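The values are calculated or read from the model by the stated rules, or taken from the named source; none is laboratory data. Just so it is clear, the structure is predicted and the values come from calculations on it, not from any experiment. Here the Cβ positions follow ideal geometry from the backbone for every residue, glycine too, while neighbour counts run over all protein chains shown. With ligands, DNA and RNA removed, areas are computed over all heavy atoms of the protein, side chains included. Shrake-Rupley method; radii C 1.70, N 1.55, O 1.52, S 1.80 Å.
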Amino acid sequence: MFLYFFRLFVSLTIILLFWGLRYLPLANNIALFFIEPMVLTILSVIFLKEKIFYNHIIAVLIGLVGTFIIIRPNFALYGIASFLPIASAICYALYLMSIRMASNLGNSISLQFWVGIVATFFLSIVILFGESFNIEVFSFHKIDSSIWWILLILGIGTTIVQLLVSSAFFHAKASTLASFQYLEIISATILGWLMFNEIPDKFTILGALIVIFAGIYLVRHERRVNKG
């Protein structure tokens, strides 16, 4: 029952992250969300009793520095709204930790199936609550028929990604995988350039290089540990 309850955190992650987008620019929202690998590393030590080396901590810190160089968030401009993506990051770290905890209870496909069922049920309750009390951020909004194909692509892509994430957490320690999540900021930068013609500035390039260095550093460390 504990693990089924934990799966609600993926729904809370989505709610809080999109809620934050109502008040914060996309870049700041993502930057604040990227405390998640740090939270996941800490949780893996406390709850999963995973043994980590100082190299893990160094890689996470380096990746975090690189991310903040890319995004350059500013708490002072957005006040309490800044806590929304932070809360979302904590929920997502809890969700990923629960996947690792459930790795001996089944396979990644069945896990994602039940995660989807629980998330759908929970989000439906949230929408009904928003409609009942006229809370605009939680209310139901109709989607224009012209963008259904985008939703279809998002649905298929998200399913594939979550299956890959689940598979990774079934076979590797959460603390080891935490730093690799920083690579997402690199793919986001590339997509921003290709789709929106947003040319990365020198700080973005510097931050991306630091993130890549953190990932390579961790991979080299893991190989040395496995050989030993």
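The table below gives the values:
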{"item": "Segment 29-42: number of residues that are open to solvent by 20 Å² or more (accessible area, probe 1.4 Å) and either among the hydroxyl-bearing types (S, T, Y) or in a helix (DSSP H, G or I) (or both)", "result": "5"}
{"item": "Contacts under 7 angstrom Cβ, first residue in segment 30-58 being over 12 Å from Y182 (Cα atoms), partner open to solvent by 10 Å² or more (accessible area, probe 1.4 Å) and part of a loop (DSSP other than H, G, I, E, B), 6 or more apart", "result": "L32/P73; T41/I52; S44/E50; S44/K173; V45/I52; E50/K173"}
{"item": "Residue that is under 19 Å from A119 (Cβ atoms) and modelled with pLDDT under 80, where the choices are L3, L26, L84", "result": "L3"}
{"item": "Output for segment 213-228, where each listed residue is within 12 Å of F53 (Cβ to Cβ), open to solvent by 100 Å² or more (accessible area, probe 1.4 Å) and either at pLDDT below 70 or hydrophobic (A, V, I, L, M, F, W, C) (or both)", "result": "none"}
{"item": "Residues (among the hydrophobic types (A, V, I, L, M, F, W, C) and open to solvent by 40 Å² or more (accessible area, probe 1.4 Å)) located in segment 49-61", "result": "I52, F53, I57, I58, L61"}
{"item": "I156 under 19 Å from the mean Cα position of the chain (by Cα) and either under 20 Å from K173 (Cα atoms) or modelled with pLDDT under 75 (or both)", "result": "no"}
